[in-house]
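A short write-up of the structure that comes next.
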Amino acid sequence: MKALDTPLLLELLRGRPGAKRLLPHLQGEELATTELNLYELEVIARSEGGRSREQRRATLAKLRRRLTVLPIDERAVRAGLGRDSAKVGRDPPSVALMLGAAEAGGCEEWLTTPHGRPLGTGGKLAIRIIDV
C-alpha cells in the first residue's frame with residue numbers, strides 16, 4: 001500500500017500534468033492517506049476561492065471513497081513517536097503522526113512532493129519524492 005501526502009493530493013486534485021503522469025504507475029496499487037491529510041485538504045478547500053464550497057466538498061468526499069483512510073489512533077501515535085524525526089524534533093509533530101499512521105496502517109511507501117518532504121528519515125516507510 002502506498003500513502004499519498006497532502007501536497008501530492010493537492011496536485012492531483014488540481015489536475016497538474018506532473019501528478020497526472022503518476023497515475024498510470026499507481027494502477028493496481030492500494031492507495032491510502034491519513035485522516036489528518038484529509039483534514040488538511042478540507043481546511044485548504046474552505047479557504048480557496050474558485051469553485052463553490054459544495055463542489056470542493058463533493059470532490060473531497062469522492063477522494064475519501066477512493067482511498068483507504070488511515071486513522072489517527074493509538075497505533076499511529078506510537079509509531080509516530082517512535083520515529084527518529086519525532087525524537088529529535090526535525091519534523092513537526094503532525095508530520096511524524098501522519099507517517100506513523102501510514103506505517104501502522106501497513107503502507108510500504110509515502111509519496112509526496114519536494115514541498116512536502118519530511119526532514120527526518122522514513123524509518124520502515126520508504127519516502128518517495130514526486131517532482132510534479
Item to check | Amide H contacts of Leu70 (H built 1.01 Å from N, under 5 Å, at least 5 apart or other chain) | outcome: Thr33, Thr34, Glu35
Checklist outcome for this item: In Å³ per residue, the alpha-carbon convex hull of the stretch 1-52 encloses 85
Checklist outcome for this item: Bridge orientation stat for the chain from DSSP, antiparallel percent rounded to 5, came to 0
Next on the checklist: Show me the three semi-axes of the equivalent ellipsoid for the chain, from the C-alpha gyration tensor (sqrt of 5 times each eigenvalue), largest first, rounded to whole Å.
Outcome noted: 24, 16, 14
Checklist outcome for this item: Counting lysine pairs in the stretch 2-129 that sit 8 or more positions apart or on different chains, with Cα atoms under 24 Å apart, gives 5
Next on the checklist: Given an 8 Å cut-off on Cα distances and at least 6 residues of separation, report the relative contact order of the stretch 2-129 as a percent.
Outcome noted: 30
Checklist entry - For the stretch 2-10, in order, what is each residue's ³J(HN,Hα) by Karplus, 6.51 cos²θ - 1.76 cosθ + 1.60 with θ = phi - 60°, in whole Hz (x at glycine and Pro)? => result 10, 9, 9, 7, 3, x, 6, 4, 4
Item to check | Mean Cβ neighbour count within 10 Å, used as a protection proxy, ranking 18-29, 72-83, 93-104, 1-12 highest first | outcome: 93-104, 1-12, 72-83, 18-29
Checklist entry - Which is farthest toward the positive dipole end of the chain among Val69, Pro92, Ser52, measuring Cα position about the Cα centre, with Cβ charges +1 (Lys, Arg) and -1 (Asp, Glu)? => result Ser52
Next on the checklist: Taking the 0 to 90 degree range and rounding to the nearest ten, how far is the long axis of helix 35-47 tilted relative to the main principal axis of the chain, both from C-alpha atoms?
Outcome noted: 40
Checklist entry - Relative to the longest principal axis of the chain, what angle (0 to 90°, nearest 10) does the C-alpha long axis of helix 93-104 take? => result 80
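Throughout, read-outs are computed from the coordinates displayed, never taken from laboratory work. Fair warning: this is a prediction, and the values are worked out from it, not measured in the lab. Every residue, glycine as well, gets a Cβ built from its backbone with ideal geometry; the counts of neighbours run over all protein chains shown.
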